[in-house]
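Peer 1: My questions all concern the structure below.
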Amino acid sequence: MVGTMSAAAVAVWLGSVFTILSRSHADRNVYPSAGVLFVHVLEREYFKGEFPPYPKAGDANSDPITFNTNLKGYPDRPGWLRYIQRTQHSDGVLYGSPTAEHAGRPSVIEITAYNRRTFETARHNLVINIMGTEEFPLPYQAEFYIKNMNVEEMLASEVLGDFLGAVKNIWQPDRLNAINITSALDRGGRVPLPINNLKEGVYVMVGADVAFSSCLREVESPHNQLRCSQEMEPSISCDKKFRAQFDIDWCKISLVDINRVFPVYITRPEPGNGILPEFGLYDPPSETLMSRNYFSDFLITLAVPSAVAVVLLFILGYTMCCRREGFIQLVHHNSIQKSSKELRSMSKNREISWPLSTLPVFNPVSGEVVPPLHPDNYETTSMPLMQTQTNLQNQITIPQQRPSGDNYVMSTFRRLEVNGIPEERKVAEALNL
């Protein structure tokens, strides 16, 4: 294919390839100062030209691109450096506040861009050379909590410049710098509900070279402290300079004078060489172990509780049988048992009034005595709804006087017994009715 191309076309093609490779592997150097906010924007437009052309149709400007950042040779970034990208169609931002401890040591950050439509990647390095200066950190530092901003919105140069301009207007310092920006979520805040355009909130720390102004000191007054304890807005005279763009929670403002903060030195032991001291040779236990005698364990587990139980049983028997109080209790219990048996035997022989359903029914016309509906030996489960008066068992005849004045006629009735005693008296009472 190269042989069929002209020399000029080959030169242009090689030049384009060299340009893409050189851009993808070029190192960018930045020089932030220790104690000053560092912000580096990963622009999507910058990486779009580094992806090779894609043969399929599609709008390259709308390709979703994400970034991955890490310290070269390590899986993550340095502790002071943070990264945020809200969506795949927005730019990524590296931000943080380097300290004097990192000064003089360049940090190489590997930035890998992923095209989510073509699955192509591009990579380049960002070399951060932290400069240490004597002017930083500034002695007077104030931290503001802005409720109506997200961290990526506050990191924009225009928004951050407007905020620093408002702070400089009420503070009037010679030097004013942003020291750090932290999302409220990193301070234990909650993710806001997706209603009414609520924001996460952001903490912004600024430093100056002059003492705090009287406006910033107003929040320390007892009146405003009382209103803050009651979750009410304090009255700050300079709040109107921020209200148009920034909603500041003045109860969460923090004023720090590092000249009054004394450093605390912690005495640490000298590190050793990592070799444990000599403890002699290892002496393992012998291979021939003596057998253990479990007779003492048996005595403790079974014999001792059994002996205690026997002693308690002997004491109880002596108290109940040999002592006067125990003997009286036994006699009383025996008398109660005898009385109960006597009452049960008397209840079997006593005469009680039976229900009407168990008494014989007397017919005044025929003089016949109908047997009861529920005899003692009758099963109620198989009892018919209506009983007939024929074929009655255990019937006896009784004399009955005729209406015409004759002597007597014999009538029959059923012989009933209750507890083995005939119920003839009940029949006689029924005839006298």
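Peer 1: Sort out which residues of segment 94-105 are within 12 Å of Gly132 (Cα to Cα) and either part of a loop (DSSP other than H, G, I, E, B) or of a type in the set (Gly, Ala, Ser) (or both), and write them in order of number.
Peer 2: The answer is Pro98, Thr99, Ala100, Ala103, Gly104, Arg105.
Peer 1: Could you list all residues from segment 25-44 that are outside any strand (DSSP E or B), in contact with a His (Cβ under 9 Å, 6 or more places away or on another chain) and open to solvent by 30 Å² or more (accessible area, probe 1.4 Å)?
Peer 2: His25, Ala26
Peer 1: Would you point out the residue of segment 97-153, among those that are in contact (Cβ under 8 Å) with a residue 24 or more places away in the chain and of a type in the set (Phe, Trp, Tyr), that is farthest from Leu255 (Cα to Cα)?
Peer 2: Here the residue is Tyr114.
Peer 1: Please report, ordered by residue number, the helices (runs of 4 or more DSSP H) entirely within segment 150-263 with at least 2 residues that are open to solvent by less than 90 Å² (accessible area, probe 1.4 Å) and of a type in the set (D, E, K, R).
Peer 2: Where helices (runs of 4 or more DSSP H) fall fully within segment 150-263 and carry at least 2 residues being open to solvent by less than 90 Å² (accessible area, probe 1.4 Å) and of a type in the set (D, E, K, R), they are 151-154.
Peer 1: Moving on to the next point. Taking the criterion of being open to solvent by 30 Å² or more (accessible area, probe 1.4 Å) and within 22 Å of Met205 (Cβ to Cβ), would at least one residue in segment 62-78 satisfy it?
Peer 2: Within segment 62-78, one or more residues are open to solvent by 30 Å² or more (accessible area, probe 1.4 Å) and within 22 Å of Met205 (Cβ to Cβ).
The values are calculated or read from the model by the stated rules, or taken from the named source; none is laboratory data. Note that the structure is predicted; figures quoted are calculated from it, not measured. Methodologically, a virtual Cβ is constructed for each residue, glycine included, from the backbone with ideal geometry; neighbour enumeration extends over all protein chains shown. Ligands, DNA and RNA are stripped out before the accessible areas are found, and what is left, the full protein with its side chains, is counted by its heavy atoms. Shrake-Rupley method; radii C 1.70, N 1.55, O 1.52, S 1.80 Å.
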